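Right, one structure below, let's go through it.
Throughout, read-outs are computed from the coordinates displayed, never taken from laboratory work. If you're wondering where the values come from, they're calculated on a predicted model, not measured in any experiment. Cβ sites come from the backbone with ideal geometry, for glycine too, and all protein chains shown count toward neighbours.
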Amino acid sequence: KNEVEQSPQNLTAQEGEFITINCSYSVGISALHWLQQHPGGGIVSLFMLSSGKKKHGRLIATINIQEKHSSLHITASHPRDSAVYICAVRSQGGSEKLVFGKGTKLTVNP
Amino acid sequence: GAVVSQHPSWVICKSGTSVKIECRSLDFQATTMFWYRQFPKQSLMLMATSNEGSKATYEQGVEKDKFLINHASLTLSTLTVTSAHPEDSSFYICSARPQGRYNEQFFGPGTRLTVL
């Protein structure tokens, strides 16, 4: 079993819909990252969380440390949001390595 | 702020040649940089961790003599794929951890390597 599990693997939505992508992890963490990867490959760091909630524009990320779960929400989705969204965690205990989920491919249709 | 660049963005080379990829932190100093490889439809796999001024730490299964990493300054790390073969064709991505900001990593745009 992966240390980091994302759901769903694939998600298709209509423009304007509210999107939720989930990430569950099995280890104690010091930080969780949400990343966006567009076709063509470039990766953008969206959020780094260790507790609570962060908001940037139409994107909201939440984390529940006790439940080992994080969600990424996109409000008023747009076709340009189409990308792969990746959850990555940094374990407690000093290692700087990130453990990555397999990603959620989001397609937003006009 | 916190921009990481990679050069080149893509490269095509012949089998047996060596290719150097640069990773630069443009507006911050990075004591640690990470090199990842991503095959199609797969997630990122960490290849090595490089700390400025010291030898890189390679992940299990990654040949250090094939993937040479140099982190000579706080803003530049290089990955050289030596004697490249078609199976080395992949997307190579670096990330950089800002000095003093232990939990953060900022990713470069990646370099697509195709070995003919």
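Taken as Cα centroids, segment A:66-105 and segment B:43-100 sit 23 Å apart, rounded to the nearest whole angstrom. For chain B, B:Cys13 stand unpaired, since no other cysteine beta carbon lies under 4.7 Å from theirs.
Simple point charges give the picture: +1 on the Cβ of Lys and Arg, -1 on the Cβ of Asp and Glu, and for chain A a dipole about the Cα centre of about 160 debye. In terms of distances greater than 30 angstrom between alpha carbons, the cross-link table entries A:Lys54/B:Lys66; A:Lys54/A:Lys105; A:Lys53/B:Lys55 yield A:Lys54/B:Lys66; A:Lys53/B:Lys55.
Taking a straight line from the alpha carbon of A:Lys55, these aspartates and glutamates sit under 16 Å away, with near neighbours fewer than eight places off in the same chain left out: A:Asp81.
What is the order of A:Val27, A:Val108, fewest Cβ neighbours within 10 Å to most? Each step should come with its number before you reach the end.
Numbers: A:Val27 13, A:Val108 20.
Starting with the residue having the fewest Cβ neighbours, the order is A:Val27, A:Val108.
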